[in-house]
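Participant: Take a look at this one; I'll ask things after.
The values are calculated or read from the model by the stated rules, or taken from the named source; none is laboratory data. Here the structure is a predicted model, which is why all the values come from computation and not from measurement. Glycine also receives a Cβ, built like all others from the backbone with ideal geometry; neighbour counts cover every protein chain displayed. The accessibility values were calculated without ligands, DNA or RNA, using every heavy atom of the protein model including side chains. Shrake-Rupley method; radii C 1.70, N 1.55, O 1.52, S 1.80 Å.
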Amino acid sequence: MSAALEGIRVIDLTVWFQGPVAAQHLADFGAEVIKVERPQGGDQGRGVRSIKALPVGDWNQYFLVINRNKQSVALDLKKPAGREVMYRLVEKSDVFLSNMGVELLESWDLGYEKLSSINPRLVYATNTGYGRFGAVTKPSFDMTVQALTGIMARLGEPGQPPIYLGMGSGDAYGGLMSALGILLALYHRNRTGRGQMIDASLYGAQLFLAASTLQKYLAGGQAEHAKQQSRKAAPNPLRNTYATKDRWVFLCLENTDADWSRLCRSLDDQKLAADPRFDSVIKRRQHASELIEWLDRVLAQRSAAEWLTRWRAEGITASRINNLAELADDPQTWENDYFLGTYCEEVQRQVKVRGLPIGLSKTPGAVNSLGPELGQHTEIVLTELLGYTWEQVDELKTQGVIP
């Protein structure tokens with residue numbers, strides 16, 4: 001069975017997370033992704049074996065997972081001969097992807113104008129920090145950009161420090177945006193024969209991540225949509241987090257009389273059902289803090305499993321709040337390939353990895369290999385794809401262009 005992106009060749013000149021994960025999505029669905037790295041150390045992600053100084057395993061999951069299904073070419077782009085190799089690669093590729101600084105790419109003569117003159121069909125994709133326009137050019141990291149977008153200011157209780165959403169969420173979302181932009185540009189190229197330049201910035205991705213709340217503020221300019229909100233003052237008490245006897249749950253109901261009746265039946269609390277403070281939509285909103293305090297007391301009396309059983313019987317939408325350990329054992333994640341097992345050469349055993357967030361019935365994605373060794377495919381790409389002779393390869397080694 002052919003893969004969805006079979007026949008598409010991508011030059012992946014990216015480091016760390018957002019750029020590599022964009023190329024990973026393309027590689028998962030069959031694109032030939034050639035990761036170009038500096039000969040000395042390669043992608044900085046190769047050095048990551050811990051997060052926040054805490055060990056996360058005996059294999060480099062950070063680099064190996066987001067660089068899966070790729071080839072690696074080690075190439076010194078500071079040298080003219082290295083750039084000549086890149087130009088030959090551009091001639092034979094469909095996509096050039098980089099999250100290097102625009103100024104750095106221009107200094108290496110790898111800007112859009114240069115590469116599109118070599119291959120007019122090329123899709124030239126960048127992952128800038130803040131977009132290609134405007135005056136902001138400072139370095140960008142997931143957490144510092146998230147700090148600018150208002151997401152942190154919305155998380156946590158009022159008066160408490162802002163909370164970083166974490167998990168590289170902006171980088172991950174930016175990678176998806178970049179992959180989407182590349183596919184859109186490839187579709188246009190297939191219709192017109194012309195490539196183009198695209199940019200998916202970390203700032204733009206995180207703004208879109210905040211889209212729902214952000215749009216509320218843009219539409220009305222109301223201050224409550226721009227700052228932290230306490231769960232004890234949620235405007236809809238029926239859609240809120242609650243602590244049961246053994247764990248937290250999320251109750252997710254509209255503030256309607258029908259949903260209120262269903263909830264009261266499930267709680268088996270006649271006093272609550274009869275309380276005049278809560279007998280209408282408007283009153284439940286007006287007395288939200290008092291209702292939340294009442295629900296806190298009631299829900300703390302039983303386990304989450306007991307409440308969820310009762311709520312299912314009433315057709316009430318709710319969920320326990322899992323931790324990552326529980327998530328890793330959820331059969332639903334494995335049955336849909338959201339998690340996968342694959343062989344890791346570094347530790348010579350099967351390991352668990354993030355799988356495929358998208359399922360295609362005819363051309364499904366796959367994880368065929370984890371990230372390559374630095375320069376593992378350099379000689380193969382030069383000789384078999386680009387047509388270099390072994391004498392020329394030896395000369396490039398002598399010049400220090402390749403290791």
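Participant: Full-extension gain between residue 358 and residue 211, please, as 0.36 nm times their residue separation minus the C-alpha to C-alpha distance. Write down the numbers at each step before the final one.
Facilitator: Values: separation 147, 0.36 × 147 = 52.92 nm, distance 2.15 nm.
Fully extending the segment from residue 358 to residue 211 adds 50.8 nm.
Participant: Quick check for you: which residues of region 82-96 have the amide N under 16 Å from the point 7 Å beyond the Cα of residue 192 toward its beta carbon?
Facilitator: None, by backbone N distance to the label point.
Participant: For Cα pairs less than 8 Å apart in space and 6+ apart in sequence, what is the mean separation divided by the residue count of region 196-337, i.e. the relative contact order in percent? Numbers along the way, then the final one.
Facilitator: On the way: 144 pairs, mean separation 36.0, N = 142.
Reported as a whole number, the value is 25 percent.
Participant: Could you give each residue of region 211-225 its phi-based ³J(HN,Hα) in whole Hz, using Karplus coefficients 6.51, -1.76, 1.60 with θ = phi - 60°, and x for Gly or Pro?
Facilitator: Per residue, the Karplus-derived 3J(HN,Hα) values read 3, 4, 6, 4, 5, 4, 5, 4, 6, x, x, 7, 4, 5, 7 Hz.
Participant: If you don't mind, another one. At a 1.4 Å probe, what is the % contribution of carbon and sulfur to the accessible area of the chain? It would help to have the intermediate numbers written out before the result.
Facilitator: Values: 11490 of 20960 Å².
On the chain, the fraction of accessible area on carbon and sulfur atoms equals 55 percent.
Participant: Also: Residue 344's amide H: which non-local residues (gap 5+, or another chain) put their own amide H closer than 5 Å, with H modeled 1.01 Å from N in plane and none for Pro or chain starts?
Facilitator: Amide H to amide H, under 5 Å and 5 or more residues apart or across chains, residue 344 pairs with 349, 350, 351.
Participant: Determine the relative contact order of region 1-48: mean sequence separation of Cα pairs under 8 Å and six or more apart, normalised by residue count, in whole percent. Kindly include the intermediate steps, with their values, before the conclusion.
Facilitator: Numbers: 56 pairs, mean separation 21.8, N = 48.
Result for region 1-48 is 45 percent.
Participant: Extension gain residue 261-residue 133, at 0.36 nm per residue separation less the Cα-Cα distance, in nm? Mind dumping the intermediate values first?
Facilitator: Values: separation 128, 0.36 × 128 = 46.08 nm, distance 5.33 nm.
This chain segment gains 40.8 nm when fully extended.
Participant: Right, next: Where Lys and Arg each count +1 and Asp and Glu each count -1, what net charge lies around residue 304 among other residues with Cβ under 15 Å from its Cβ?
Facilitator: Details: positive: 245, 247, 302, 310, 312, 320; negative: 246, 296, 306, 326.
Summing Lys/Arg as +1 and Asp/Glu as -1 gives +2.
Participant: Still on this structure, I have one more. Simple spin-label model, 7 Å along Cα-to-Cβ: residue 301 to residue 224 in nm?
Facilitator: Between residue 301 and residue 224, the simple spin-label model gives 3.0 nm.
Participant: At 0.36 nm per residue, and after removing the present C-alpha to C-alpha distance, how many nm does the segment from residue 273 to residue 107 gain when stretched out fully? Before the final figure, lay out each step's value.
Facilitator: Working: separation 166, 0.36 × 166 = 59.76 nm, distance 7.06 nm.
Taking residue 273 through residue 107 to full extension adds about 52.7 nm, to one decimal.
Participant: Same structure, new question: Could you tell me the center-to-center distance, by alpha carbons, between region 68-139 and region 338-403 in angstrom?
Facilitator: With region 68-139 and region 338-403 each reduced to a Cα centre, they are spaced 19 Å.
Participant: Mean residue ellipticity at 222 nm from the helices of the chain, using -39,500 (n - 2.57) per DSSP H segment of n ≥ 4 over the full residue count, to the nearest 500 deg cm²/dmol?
Facilitator: Numbers: 18 runs with 159 residues, N = 403.
Rounded to the nearest 500, it is -11000 deg cm²/dmol.
Participant: Say R0 is 45 Å: what FRET efficiency, to the nearest 0.05, do residue 286 and residue 322 get from their beta-carbon distance? Could you put the intermediate results ahead of the total?
Facilitator: Working: r = 34 Å, r/R0 = 0.74.
It comes to 0.85.
Participant: With the crude spin-label approximation of a point 7 Å out along Cα→Cβ, what separation in nm comes out for residue 9 versus residue 148?
Facilitator: 3.6
Participant: Taking the Cα centroid of region 271-336 and of region 173-240, what is the distance between the two, rounded to the nearest whole Å?
Facilitator: Cα centroid to Cα centroid, the span is 29 Å.
Participant: What is the helix-to-structure angle for 257-267, meaning the angle in degrees between its Cα long axis and the longest Cα principal axis of the chain, kept from 0 to 90 and rounded to the nearest 10?
Facilitator: 80
Participant: Quick check on the chain: of the DSSP beta bridges with both residues there, what percent are antiparallel, nearest 5%?
Facilitator: Working: 16 of 36 bridges.
Given both bridge residues lie in the chain, the antiparallel proportion sits at roughly 45 percent.
Participant: To continue, here is another question. Assign one of three labels to the chain, namely rounded, prolate or oblate, based on the Cα gyration tensor with a ≥ b ≥ c the square roots of its eigenvalues; rounded applies when a/c is under 1.5, prolate when it is not and a/b is larger than b/c, and oblate otherwise.
Facilitator: In terms of gyration-tensor shape, prolate.
Participant: Given a 1.4 Å probe, how much area per residue of the chain is accessible, in Å²? Walk me through the intermediate numbers first.
Facilitator: Numbers: 20960 Å² over 403 residues.
I get 52 Å² per residue for the chain.
Participant: With every protein chain present, what accessible area does residue 349 have (1.4 Å probe, heavy atoms only), rounded to the nearest 10 Å²?
Facilitator: Its heavy atoms expose roughly 100 Å² to the probe.
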